[in-house]
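The block underneath contains the structure these notes are about, expressed in structure tokens.
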Amino acid sequence: MNFKEKSVKLIITGDAKEEFERLNKIVGQEITKGITSSDYQTLLNSIKQKIEFIKENPQYGTHIPKNKIPKDYINKYDVNNLWKVNLSGAWRMIYTIRGSEIEIIALILDIIDHKKYNKKFGYRKN
């Protein structure tokens, strides 16, 4: 699929929106206190960078096979495709792609740490 001829709209929704707003608030507080470098700032910058990559190419992330899509994403967001982007600090950003003749919409569904990612996708530690 060629995305160059279509506009790409990116929407942060649901749990991802809550986490993104929480990170923005924490980073804002840190900057107010004069903190110029932290794990929160690195993570937020990583998210913003990956968002730009997804806007350029919605298939930037790692495609998750249909049989591995957690049922809660299907039930909550009616997804039939899912993508993962690795972020700093072993965090993950999960998104789906929807499209029409005119535009592509990338919906960011989750921004989660590695432990929550493993639990959500049914991976276990040995």
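No value in this document is a laboratory result; all are computed from the given coordinates. All figures in this text were calculated on a predicted structure; none of them were measured in a lab. Neighbour counts run over all protein chains shown; Cβ positions are idealised from the backbone, glycine included.
Which entry is the computed P(r) over Cα pairs in 5 Å bins from 0, in percent for this structure: [x] 2, 8, 9, 11, 15, 16, 14, 11, 7, 4, 2, 0; [y] 2, 11, 21, 22, 15, 11, 8, 5, 3, 1, 0; [z] 2, 10, 20, 22, 19, 14, 8, 4, 1, 0?
Identified label for the calculated read-out: [z].
In straight Cα distance, which aspartates and glutamates are under 16 Å from LYS66, not counting same-chain residues fewer than 8 positions off?
Filter leaves ASP78.
Among the listed pairs LYS25/LYS55; LYS33/LYS68; LYS25/LYS76; LYS9/LYS115, give every one whose C-alpha distance is greater than 31 Å.
Details: LYS25/LYS55 24 Å; LYS33/LYS68 43 Å; LYS25/LYS76 26 Å; LYS9/LYS115 29 Å.
Exceeds cut-off: LYS33/LYS68.
How long is the gain from ALA90 to GLU18 if the chain were fully straight, where each residue apart is worth 0.36 nm and the alpha carbon distance is subtracted?
Taking ALA90 through GLU18 to full extension adds about 24.0 nm, to one decimal.
With runs of 4+ DSSP H residues as the only contributors, calculate the mean residue ellipticity of the chain at 222 nm using -39,500 (n - 2.57) per run, divided by the residue total and rounded to the nearest 500.
-13000 deg cm²/dmol
How would you order 107-117, 93-103 from highest to lowest mean count of nearby Cβ atoms within 10 Å?
Ranking, from highest mean packing down: 107-117, 93-103.
Could you work out how far apart the two model spin labels at LEU10 and LYS120 are, taking each label as a point 7 Å from the Cα in the direction of the beta carbon, and quote it in nm?
Rounded to a tenth, the inter-label distance reads 1.7 nm.
When only Cα pairs under 8 Å and 6 or more residues apart are kept, what is the percent relative contact order across the chain?
Value for the chain: 33 percent.
Evaluate E = 1/(1 + (r/R0)^6) for LYS68 and ILE31, where r is the Cβ-Cβ distance and R0 equals 35 Å; express this FRET efficiency to the nearest 0.05.
0.35
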